1. Return yes when LEU67 is free of Cβ contacts under 8 Å to residues at least 60 places away in the same chain, surrounded by 17 or more Cβ atoms within 10 Å (Cβ to Cβ) and hydrophobic (A, V, I, L, M, F, W, C) and no when it is not.
2. Does ALA22 satisfy the criteria of being part of a loop (DSSP other than H, G, I, E, B), closer than 24 Å to CYS123 by Cβ, modelled with pLDDT under 95 and among the hydrophobic types (A, V, I, L, M, F, W, C)?
3. Here are some residues: ASP62, ASP43, ASP118, ASP52. Which one is touching a Leu at 6+ places or on another chain (Cβ under 9 Å), surrounded by fewer than 16 Cβ atoms within 10 Å (Cβ to Cβ) and closer than 20 Å to SER31 by Cβ?
4. Inside the range 51-142, counting only strands (runs of 3 or more DSSP E) that do not spill past its ends, which hold 1 or more residues that are touching a Ser or Thr at 6+ places or on another chain (Cβ under 6 Å) and either within 26 Å of HIS32 (Cα to Cα) or modelled with pLDDT of 95 or more (or both)?
Amino acid sequence: MIGKVLLTLGFALLAAAGPGIAQEPASPTQSHEVPVVQANLGDCSTEIMVTDTALKPVYKADVSTQLRYGFGGFHHLDLEVATNVDGRARFAGLTPKARMPLTFDVLYEDRHTVVVVDLTQKCQAVERAVLPDKRPDAGAPE
């Protein structure tokens, strides 16, 4: 159990130090750059475009997935990235040899949706994630 926690922490530190991790935009021109998280496992990629129901881009939505790969799927890699001002985020270096389909969880405030991608069918995928509207009673005390 401790080894699993340390391995996850190690991947998080490695990802934070890597050049593929998006950081806070320093200027308006950088805010349109698509943040990319690199798995370094293959040549496939998935770009997720996050919008609300009015099809307006959602900024700083968290998009995450877990890759399970190797014999029996015993190896796993957790990846997470936030969207840019255009609602876009990219996962690169993915492998179609991972357990398919991949599920990408999209979370923004109290709204959540899931995007399912099968890299064996389409190695360079571009998918849209539409977040549901906030419920009018969300956050109201009961």
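The values are calculated or read from the model by the stated rules, or taken from the named source; none is laboratory data. Remember, predicted model here, so these are calculated numbers, not experimental data. When we count neighbours, we look across all protein chains shown, and the Cβ atoms used for this are built from the backbone with ideal geometry, even at glycine.
1. Values: free of Cβ contacts under 8 Å to residues at least 60 places away in the same chain: yes; surrounded by 17 or more Cβ atoms within 10 Å (Cβ to Cβ): yes; hydrophobic (A, V, I, L, M, F, W, C): yes.
Yes.
2. On the way: part of a loop (DSSP other than H, G, I, E, B): yes; closer than 24 Å to CYS123 by Cβ: yes; modelled with pLDDT under 95: yes; among the hydrophobic types (A, V, I, L, M, F, W, C): yes.
Answer is yes for this residue.
3. On the way: ASP43 fails: closer than 20 Å to SER31 by Cβ; ASP118 fails: closer than 20 Å to SER31 by Cβ; ASP52 fails: surrounded by fewer than 16 Cβ atoms within 10 Å (Cβ to Cβ).
Residue meeting the stated conditions: ASP62.
4. Working: elements: 62-69, 75-82, 88-94, 102-108, 111-117, 124-130.
Where strands (runs of 3 or more DSSP E) fall fully within the range 51-142 and carry at least 1 residues being touching a Ser or Thr at 6+ places or on another chain (Cβ under 6 Å) and either within 26 Å of HIS32 (Cα to Cα) or modelled with pLDDT of 95 or more (or both), they are 75-82, 88-94, 102-108, 111-117, 124-130.
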